[in-house]
Amino acid sequence: MIYFYKSHSDAVLRQLLQLLSTFYKELFKYCSFSNSTNSKKMIFDHMKKWMTEVSILRHFDQNRKTILEIDSFNYVNDDILSQYDDEETLHSMIYYSKNLSFAECNYKIYDKKLLAIIQVFKHWWSELKLTELLIKMFTDHQALTSLMKDKELSRCQMRWVQKLVDFNFKIMYRSDK
């Protein structure tokens, strides 16, 4: 998630500020500052209606281009699944974060990043299995771009790579700077 915020912080903050300002304007428009149950219910109903109409809320669509952003830190793996809409705007769909076990914390960085990829495909298996389009996966570890071509993998890495064979994906390098 930290990588996501670093690379998308301006857009996220702009969208969040716009939502909050609209929310406060709508809230004060209908708020009479009374303690009556009717006014509270009216405000709640209006908030509920407004929140469900906001364009940020999206569901996964197997027929859209899918982007995965993978990152692994010392103690946690963070992943973001995003998709493009009809206007080619990228929308985050799902976030996934998992703490590493004590043994996994001792892995080399290559293995931690590979583990993050395995975990994301295991966690979002039902969504990603149905996608026929190429899934672009971005990571900040350039050595992973040749993962499926590597001839020298450890036994553990081979077992992990075998789990990825059924998916249509390409690992791409993107610097986190």
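The values are calculated or read from the model by the stated rules, or taken from the named source; none is laboratory data. This structure is a prediction, so every number in the text was calculated from the model and none was measured. Here Cβ is always computed from backbone atoms with ideal geometry, including for glycine, and neighbour counts include all displayed protein chains.
Tallying residues that are assigned to a helix (DSSP H, G or I), at pLDDT 85 or above and loosely packed, with under 14 Cβ neighbours inside 10 Å within the stretch 138-177 yields 5.
Got at least one residue in the stretch 41-63 being closer than 30 Å to Thr145 by Cβ, in contact with a helix residue (DSSP H, G or I) (Cβ under 6 Å, 6 or more places away or on another chain) and at pLDDT 70 or above? Within the stretch 41-63, one or more residues are closer than 30 Å to Thr145 by Cβ, in contact with a helix residue (DSSP H, G or I) (Cβ under 6 Å, 6 or more places away or on another chain) and at pLDDT 70 or above. Within the stretch 74-114, if we keep just the residues that are of a type in the set (Lys, Arg) and surrounded by fewer than 21 Cβ atoms within 10 Å (Cβ to Cβ), the residue that is farthest from Tyr173 (Cα to Cα) turns out to be Lys98.
Any residue at all in the stretch 115-126 that is farther than 18 Å from Asn168 by Cβ, touching a Cys at 6+ places or on another chain (Cβ under 7 Å), without any contact (Cβ under 8 Å) to a residue 60 or more places away in the chain and not aromatic (Phe, Trp, Tyr)?
Applying the first criterion (farther than 18 Å from Asn168 by Cβ) to the stretch 115-126 yields 115-116, 119.
If we keep only those that are touching a Cys at 6+ places or on another chain (Cβ under 7 Å) as well, we get none.
No, every residue in the stretch 115-126 fails to be farther than 18 Å from Asn168 by Cβ, touching a Cys at 6+ places or on another chain (Cβ under 7 Å), without any contact (Cβ under 8 Å) to a residue 60 or more places away in the chain and not aromatic (Phe, Trp, Tyr).
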